């Protein structure tokens, strides 16, 4: 495995959810099961609207009796406002801690005696395991600088490329409320619990899962390095609108992206313009259900 690298993730924000009812409240709001939070620091989850469409994706970590949410900085205040609307009499509070806490990414850092939950806590950091290749560290700058002093630095674009290679979707303002969790493969990467109780949008998400009504999935594509893609941008199969971009990343050799694709076009060449064929399918580290299993979705 290549040497470990690190980078600050200026695009990420840390939101603290505190109060006596913090975890109970989030259990009724997010797609994953808060009861597993202690066992799975870095748990992936989504906030959905009542139509089952994803408003934000995030990683979670226990924060004393509360929860730390790590998500796109551009969605932090929007998420706080959305959650606050459901508080009623619950003892729960929300705080965007972006000014106090920074988020750093470790690439090719395996959790071990050095990068462990106990070592991170002793250093004053929260450690969220995102994948076998990626770890998030959250803390004050001084603590992060000390912990990462001996780790070579890289750029955030490399973190984004590895995240796409891992097949992990991230919702941004332009893509909020466009897709269900299954369209983003959140059911395939541990981002949805189908055994927990109700949460906002749960009925729609569960119905799609149990009836198999999923005809769109997130797939990975690779194209030329000069291609510029934006979240929600359309991709075409010939002249037909076939997909929308979830996220993309570039380097000197290629542009790669995740896109929500109609499964009948999953193996077709896609273009950023009608008639184009710039992007070809690339592997994901998990299996996608075969198109034959998909029926109509909402």
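Considering the conditions (1) within 18 Å of the chain's Cα centre (by Cα); (2) over 21 Å from residue 165 (Cβ atoms), residue 207 is excluded by exactly one of them, (1). Of the strands (runs of 3 or more DSSP E) lying entirely inside the stretch 201-261, the ones with 1 or more residues being in the same structural domain as residue 188 (by TED's automatic domain parsing) and within 14 Å of residue 183 (Cβ to Cβ) are found at 216-223, 240-250. Among the residues making up the stretch 7-27, those that are surrounded by 22 or more Cβ atoms within 10 Å (Cβ to Cβ) and under 26 Å from residue 149 (Cβ atoms) are 12, 13, 14.
With the structure loaded, tell me whether residue 174 is surrounded by fewer than 23 Cβ atoms within 10 Å (Cβ to Cβ), part of a helix (DSSP H, G or I), out of contact with any strand residue (DSSP E or B) (no Cβ under 7 Å at 6 or more places or on another chain) and in contact (Cβ under 8 Å) with a residue 24 or more places away in the chain or whether it fails that test. Here the answer is yes, as residue 174 does meet what is asked. All of (1) assigned by TED's automatic domain parsing to the domain that holds residue 42; (2) touching a strand residue (DSSP E or B) at 6+ places or on another chain (Cβ under 9 Å) hold for residue 188 with one exception: (1). Starting from residues that are under 14 Å from residue 84 (Cα atoms) and surrounded by 19 or more Cβ atoms within 10 Å (Cβ to Cβ), keep the ones in the stretch 28-46 and report whichever is nearest to the chain's Cα centre (by Cα). My answer is 30. Among the residues of the stretch 106-123, just one is assigned to a helix (DSSP H, G or I), farther than 15 Å from residue 146 by Cα and in contact with a strand residue (DSSP E or B) (Cβ under 7 Å, 6 or more places away or on another chain), namely 117. Exactly one residue among 169, 225 is in contact (Cβ under 8 Å) with a residue 12 or more places away in the chain and under 24 Å from residue 73 (Cα atoms), and that residue is 169.
The number of residues in the stretch 61-87 being assigned to a strand (DSSP E or B) and surrounded by fewer than 14 Cβ atoms within 10 Å (Cβ to Cβ) comes to 0.
If you check 243, 249, 259, 230 for being surrounded by fewer than 21 Cβ atoms within 10 Å (Cβ to Cβ) and out of contact with any helix residue (DSSP H, G or I) (no Cβ under 6 Å at 6 or more places or on another chain), only one passes: 230. Scanning the stretch 31-59 for residues that are assigned to a strand (DSSP E or B) and over 12 Å from residue 179 (Cα atoms) turns up 43, 44, 45, 58, 59. Could you check residue 144 against (1) over 20 Å from the mean Cα position of the chain (by Cα); (2) buried (at least 17 other Cβ atoms within 10 Å of the Cβ); (3) not in a helix (DSSP H, G or I) and say which number it fails? Every condition holds for residue 144 apart from (3). Does residue 283 satisfy the criteria of being farther than 19 Å from residue 174 by Cβ, touching a strand residue (DSSP E or B) at 6+ places or on another chain (Cβ under 8 Å) and in the same structural domain as residue 183 (by TED's automatic domain parsing)? Yes, satisfied. Determine whether the stretch 137-149 contains at least one residue that is in contact (Cβ under 8 Å) with a residue 24 or more places away in the chain and more than 27 Å from residue 65 (Cβ to Cβ). Among the residues of the stretch 137-149, at least one is in contact (Cβ under 8 Å) with a residue 24 or more places away in the chain and more than 27 Å from residue 65 (Cβ to Cβ), which makes the answer yes.
Looking only at the stretch 88-105, residues that are at pLDDT 95 or above, surrounded by 13 or more Cβ atoms within 10 Å (Cβ to Cβ) and either more than 24 Å from the chain's Cα centre (by Cα) or not in a strand (DSSP E or B) (or both) come to 3 in all.
The values are calculated or read from the model by the stated rules, or taken from the named source; none is laboratory data. Keep in mind it's a predicted model, so treat the numbers as computed, not measured. Glycine also receives a Cβ, built like all others from the backbone with ideal geometry; neighbour counts cover every protein chain displayed.
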